[in-house]
Structure formats: structure tokens, C-alpha cells
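A short write-up of the structure that comes next.
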Amino acid sequence: MSRPRLLTAALAVGALGAVALIAPAAESATRAVPAAPVQGTGTPAVATLWNADRFETSAQDWTDLPGAVVPDSTGRGVGFDGVFVVHFDADAICESPVDNAVCSVRVLVGGQVAAPGDTNARFVTARGRPEWSAHGYTRTACFAPQFDGRDATTRIQVRASRDASFGLQNWHLEVERFPLRAGTACPS
């Protein structure tokens, strides 16, 4: 099924009932499987953006991918909670004189690593003669009801292992935000 058909199907399911989604905890615990799914309900709010420009970095620290930021917040007047489903894909290359060098991507929502999060988030690995190829991630974040305003900005960050060069182009970022279904909770 193509991506537009999947999105249409997801919107139709959301309009008819609940959509079950898995939600995150803190980065150190995001590898754990939640005891129960967190459920969003209704039609999601969707934000999407993309960029065809080539971006290259050798940064070993997490670095924001330029332009890959979707501002949002929760709290009074904007929705007290949210289940955020983030889709990120890009053409990528990881080049290094060392086989198995790693080029990583992570998804942050409100400054938290979205699930399943990992400190070893391999997006692409340098092996042999690297070539540009398509890669993608889907990650989820959950924010429990809260009256006070809270940042829920989605941000893509990248980094390369030592002696590696990481290239991205033709990237696409989509954030779907569902209200948290009554009677469900975010994992603690």
C-alpha cells in the first residue's frame, strides 16, 4: 500500500474510532516495551515539511538537521495532551575509512527522545563502497494531560561516529498529533 493510501487509511480509522499507538518514556527506558498501548483518538493534526538540499556533517555531537523542526506545544488553549507519531525519511550516506562507522539520527519531541529511543540509533552504517540510499524512522512520544504550557516541538538531530561523514538529502518530516484517548495514560 502506498504512503498516501496508508495516510488516508489512518485518517479514516482515526475518524471512525481509536488509533492505538505505543508511547515513550525517558531515553534510558525507551527500549522497554510498554505494558499497554497508549491510544489517540480522532483525526490527527498533521504537520509536514521537506528539503531536497544536501546536508553533510562530521559532527560527533548531536546536531540539529537544519530546517527539520516542527514547533508545537501542549497545555491550556492548545490541547492539554498529545500522542505524537513522527515519520522521518531521507536519502543518506555514511562514509568512513573504517568499516561499520555509524551515522545516527534521533527524534526529539519536547526535548525528549521519542520511542523507541536508543543511544545507538543507527540510521546508516559505512561499509565497503557506500552509496546514497533511502532510510526511514517512525517514532512516538506521549504527553499526559497538563494545564500548564509545555514545549512539544519536534526536532531531528544527527551525528557521525569518529572519522565518519554523514550526508542527508531529500528528507521528509511528518508529525501527526492525536489527542490522548480518555481512560488511557502515557507510560511512566
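Read the figures in this text as sums done on the coordinates, not as results from a lab. Just so you know, these numbers come straight off a predicted model, no measurement behind them. Cβ coordinates were reconstructed from backbone atoms using ideal geometry, including for glycine residues, and neighbour counts include every protein chain displayed.
How do ARG150, ARG122 line up, fewest other C-beta atoms within 10 Å first? Before the final figure, lay out the partial values.
Working: ARG150 18, ARG122 14.
Neighbour counts put them in this order, fewest first: ARG122, ARG150.
Would you mind ranking ILE156, ILE93 by Cβ crowding within 10 Å, fewest neighbours first? Before the final figure, lay out each step's value.
Details: ILE156 24, ILE93 19.
Neighbour counts put them in this order, fewest first: ILE93, ILE156.
Using Stokes-Einstein with the Kirkwood hydrodynamic radius over Cα pairs, what translational diffusion coefficient do you get for segment 110-156 at 37 °C and a viscosity of 0.692 mPa s, in µm²/s rounded to a whole number? Don't jump to the answer; show the numbers that get you there.
Working: Rh = 13.7 Å.
Result for D is 239 µm²/s.
Taking Cα centroids, how far is segment 157-173 from segment 89-129 in Å?
Between the Cα centre of segment 157-173 and that of segment 89-129, the gap is 7 Å.
List GLU95, GLU176 from most exposed to least, where exposure is judged by having the fewest other Cβ atoms within 10 Å. Could you put the intermediate results ahead of the total?
On the way: GLU95 19, GLU176 24.
So the residues, fewest neighbours to most, are GLU95, GLU176.
Within segment 123-162, find all residues whose amide N lies under 13 Å from a label point positioned 7 Å from the Cα of ARG76 along Cα-to-beta-carbon.
So the set is 146-150.
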